[in-house]
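Worksheet for the structure shown next.
The values are calculated or read from the model by the stated rules, or taken from the named source; none is laboratory data. Remember, it's a predicted structure, so these values are computed and weren't measured experimentally. Neighbour counts are summed over all protein chains in view; Cβ atoms, including those assigned to glycine, are modelled from backbone coordinates with ideal geometry. Calculation scope for accessible area: heavy atoms of the full protein, side chains included, ligands and nucleic acids excluded. Shrake-Rupley method; radii C 1.70, N 1.55, O 1.52, S 1.80 Å.
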Amino acid sequence: MSFSEKIISWYTKNGRKLPWRNTNDPYIIWLSEIILQQTRVEQGAPYFDSFVTKYPDVRKFADAEEGDILRLWQGLGYYSRARNMHRAAKLVVAEFQGNFPTRYADVVQLPGVGDYTAAAISSFSVNEKQAVLDGNVFRVLARYFGIAIPINSGEGKKVFKSLAQELISNNNPGVYNHAIMDFGAIHCKPKVPLCETCVFRLECVAYKENRVSELPVKIKGKASRNRFFHYFVHEKGESILMSKRGDGDVWSNLFELPLIETEDDLDLVGLMQLDEFMTHFEGADLLPINGQVKHILSHQNIYARFYRLENLPEVKEKKEEWNYFLSENLDKLAKHKLIFSFLNKYIS
DNA sequence: AAGCCGGGGCT
DNA sequence: AGCCCAGGCTT
């Protein structure tokens, strides 16, 4: 049996039943694939359901308000995915008359669709022979063939891509792609792979040479940096002061509370002595809401403190990005304005 | 080629 | 504490 036949055979018995596998509709497949980028199946599945229900076809998606799409996306992370989806949907309506494209060459041109997603959409919808290359495939191939080239290097991407394209099944490219990803996700797992019950035990180079834990090889990225955020709750009558984040940073263009960021951690006294604090909040009493909260992103550690501003009739020198929003509390505000889930988690 | 962009679960 | 997840875009 060939590699592809064997992996498909494994998949037939052990594969997962997932909602987005019951369709050939490229729009539905696109929806699922974007949601699942760098996102676990269990985390993305509820979002997939909401999006399919609210936007059953690409025209509905294209006609939606970007704010509504982002609100439904809240908590998933990598928010540019949602914005790119909106742009892509509009492009499909404008250039493909609302018929979602299926050819690799067409879908790969849509914003937010790269090599992996284009291969997935074209193979799953019309069985175009395009091998997917995701974290699972890298891992399975690196171990099976004992390849130690870093998977996140330029050479690694080329080597693994051509290898994947050689291995893909001629008859069932779509099923094969599902199969190898499921095999990586369920069986050939990153940390504790199930080698003892693996159908490739006798062929897998990494297993035979006892290098399973060393593969795949990955070049390490930069260490996370630490940031210190000081958030302020300022209420004026029935309104609360909110701030819209700018570009070029995390959570770009999403709403949050007014914020002072500092290089180092500061206590209440130190904070009140800052020029930036004095400029806007001079004379206010500062009430800590909770202790320091640590919020970990993949590339930075955010240490946040939350304060309530009391006895401050109005902020001074209000910044451009600051605006008052009518709200009895932040929880209600989240329903009609965008607040990333980070805030919802710690303030209520 | 390297950095940046989230949130969550596992070891 | 570090790694990984159905990656893609920008510089």
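Is it the case, given these coordinates, that A:GLY246 is assigned to a loop (DSSP other than H, G, I, E, B), loosely packed, with under 12 Cβ neighbours inside 10 Å, touching a residue at least 60 places away in the same chain (Cβ under 8 Å) and in the same structural domain as A:HIS234 (by TED's automatic domain parsing)? For A:GLY246, the condition - assigned to a loop (DSSP other than H, G, I, E, B), loosely packed, with under 12 Cβ neighbours inside 10 Å, touching a residue at least 60 places away in the same chain (Cβ under 8 Å) and in the same structural domain as A:HIS234 (by TED's automatic domain parsing) - is met.
Residues checked against (1) open to solvent by less than 20 Å² (accessible area, probe 1.4 Å); (2) aliphatic (A, V, I, L, M); (3) more than 27 Å from A:LEU141 (Cα to Cα):
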site: A:MET1; (1), (2), (3): no, yes, no
site: A:LYS6; (1), (2), (3): no, no, no
site: A:THR12; (1), (2), (3): no, no, no
site: A:ILE35; (1), (2), (3): yes, yes, no
site: A:VAL41; (1), (2), (3): no, yes, no
site: A:ARG59; (1), (2), (3): no, no, yes
site: A:ALA64; (1), (2), (3): yes, yes, yes
site: A:GLY67; (1), (2), (3): no, no, yes
site: A:ARG71; (1), (2), (3): no, no, yes
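Is it the case that some residue within the stretch A:133-155 is open to solvent by 40 Å² or more (accessible area, probe 1.4 Å), within 13 Å of DNA strand B (Cβ to nearest atom) and β-branched (Val, Ile, Thr)? Taking every residue of the stretch A:133-155 in turn, at least one turns out to be open to solvent by 40 Å² or more (accessible area, probe 1.4 Å), within 13 Å of DNA strand B (Cβ to nearest atom) and β-branched (Val, Ile, Thr). As a summary of the residue check, A:PRO190 satisfies the conditions (1) outside any helix (DSSP H, G or I); (2) without any contact (Cβ under 8 Å) to a residue 60 or more places away in the chain; (3) over 19 Å from A:LEU31 (Cβ atoms); (4) open to solvent by less than 20 Å² (accessible area, probe 1.4 Å) except for the one numbered (4).
If you check A:GLY221 against the conditions, is it farther than 30 Å from A:LEU287 by Cα, within 12 Å of DNA strand C (Cβ to nearest atom), touching a residue at least 24 places away in the same chain (Cβ under 8 Å) and assigned to a helix (DSSP H, G or I)?
Considered against the rule, which asks whether it is farther than 30 Å from A:LEU287 by Cα, within 12 Å of DNA strand C (Cβ to nearest atom), touching a residue at least 24 places away in the same chain (Cβ under 8 Å) and assigned to a helix (DSSP H, G or I), A:GLY221 comes out as no.
Selection over the stretch A:156-174 of residues that are in contact (Cβ under 8 Å) with a residue 40 or more places away in the chain, within 25 Å of the chain's Cα centre (by Cα) and away from DNA strand B (no atom under 16 Å from the Cβ) gives a count of 1.
Among residues that are of a type in the set (Phe, Trp, Tyr), within 14 Å of DNA strand B (Cβ to nearest atom), crowded, with 19+ Cβ neighbours inside 10 Å and at pLDDT 95 or above, A:PHE48 is included. Selection of first residues in the stretch A:308-329 that are over 20 Å from A:ILE260 (Cβ atoms) and of second residues that are open to solvent by 70 Å² or more (accessible area, probe 1.4 Å), restricted to Cβ pairs under 6 Å at least 6 apart or on distinct chains, gives the following pairs, ordered by first then second residue: A:LEU326/A:GLU238.
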